[in-house]
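Please read the structure below before turning to the comments.
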Number of protein chains: 2
Amino acid sequence: MDLEKPIAALNNPVRRDILGWLKDRSNFPPPLPGHEGIEGVCVGYIQDKAQLSQSTISNYMGLLKQVGFVVAERHGQWTFYRRDEAKIQAFLAAFNDELSKR
Amino acid sequence: MDLEKPIAALNNPVRRDILGWLKDRSNFPPPLPGHEGIEGVCVGYIQDKAQLSQSTISNYMGLLKQVGFVVAERHGQWTFYRRDEAKIQAFLAAFNDELSKR
DNA sequence: CCAGCATATCGAGATATCTCGATTTATGGA
DNA sequence: TCCATAAATCGAGATATCTCGATATGCTGG
């Protein structure tokens with residue numbers, strides 16, 4: 001696995017925060033009516049919590065998606081993002097491997 | 001532990017390479033006469049291997065030292081750098097903890 | 001003390017990242 | 001169809017990082 005882009009994606013405190021918040025849906029307001037069964041959190045909620053502009057958060061989520069740390073799912077006009085635990089673990093394994101002596 | 005600076009230090013392929021090379025002394029030429037017992041590798045050897053300017057490598061080693069990934073030891077006019085395995089492991093543990101779900 | 005070598009520090013130009021507001025695209029409702 | 005809302009994309013200024021050459025510092029041998 002190439003670590004370059006994943007590490008760059010994590011080299012930002014807000015992006016790391018977002019990944020942290022996404023561990024637990026209850027870090028965000030309850031789903032809107034009609035969204036109850038959907039996994040993940042919409043961009044607007046993430047933006048409200050991060051307190052950065054809409055375009056910045058959209059950009060951040062795009063970066064996190066590019067490196068596989070999150071998965072996006074569109075429902076109507078909303079995009080729901082959630083963590084991809086397997087990809088995150090795979091990265092952590094590769095990262096540990098590259099850094100650890102043996 | 002604050003992850004900001006350590007992650008930034010690792011957000012560079014040459015700095016990661018250097019940390020990798022330092023896992024094994026045999027990645028570098030044998031010690032000069034008089035340096036046989038000394039742990040670590042001098043800046044010049046690292047520079048030769050990395051193929052970047054002396055000032056860049058000195059800067060890189062300073063960054064890696066600041067975040068604790070390497071230890072510097074001066075012997076005469078040479079500075080010998082070696083990995084601090086405990087610090088690296090401590091960082092990896094904190095990093096895993098921040099990223100993993102539980 | 002001086003010359004020479006290893007390393008560190010300084011200053012700067014090139015490049016990349018951050019973050020924004022404005023605009024565009026996509027969707028759903030009246 | 002028109003409008004409103006959510007999200008993505010675009011373009012740009014501010015800031016940070018990369019990397020260099022030049023210079024400074026520190027050490028050693030003569």
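A few remarks follow.
- Helix B:85-99 axis versus longest C-alpha principal axis of chain B: approximately 30°, rounded to the nearest ten.
- Cut-off 18 Å (backbone N to label point 7 Å along Cα→Cβ of residue A:97), residues of the range A:1-34: A:1-7
- With a Förster radius of 22 Å applied to the C-beta separation of residue A:50 and residue B:59, the computed FRET efficiency comes to 0.10.
- GNM on chain A, alpha-carbon springs under 10 angstrom: the most fluctuating residue among A:18, A:57, A:38 is A:38.
- In chain A, one over the average inverse separation of all distinct C-alpha pairs is 14.3 Å, which is the Kirkwood hydrodynamic radius.
- 0 to 90° range, to nearest 10: angle between helix A:54-66 axis and chain A longest Cα axis: 50
- Over chain B, DSSP H runs of length four or greater, each weighted -39,500 (n - 2.57), average out per residue to a 222 nm ellipticity of -15000 deg cm²/dmol.
- Carbon and sulfur %, accessible surface of the protein assembly as shown computed with the full protein complex present, 1.4 Å: 49
- Förster-model FRET efficiency, 25 Å R0, residue A:5 and residue A:38, C-beta, rounded to 0.05: 0.35
- Close Lys pairs in the protein assembly as shown, defined as Cα atoms under 20 Å apart and 8 or more places apart or on different chains, number 23.
- From largest to smallest, the equivalent ellipsoid semi-axes obtained for the protein assembly as shown from the alpha-carbon gyration tensor read 42, 15, 13 Å.
- Pairwise centroid distance, computed over Cα atoms, of the range B:22-81 with the range B:1-16, Å: 18
The values are calculated or read from the model by the stated rules, or taken from the named source; none is laboratory data. Keep in mind that what you see is a predicted model, and the values were worked out from it rather than measured. Glycine gets a Cβ as well: all are built from the backbone with ideal geometry, and neighbour counts include every protein chain shown. SASA here: full protein model, heavy atoms, side chains in, ligands and nucleic acids out. Shrake-Rupley method; radii C 1.70, N 1.55, O 1.52, S 1.80 Å.
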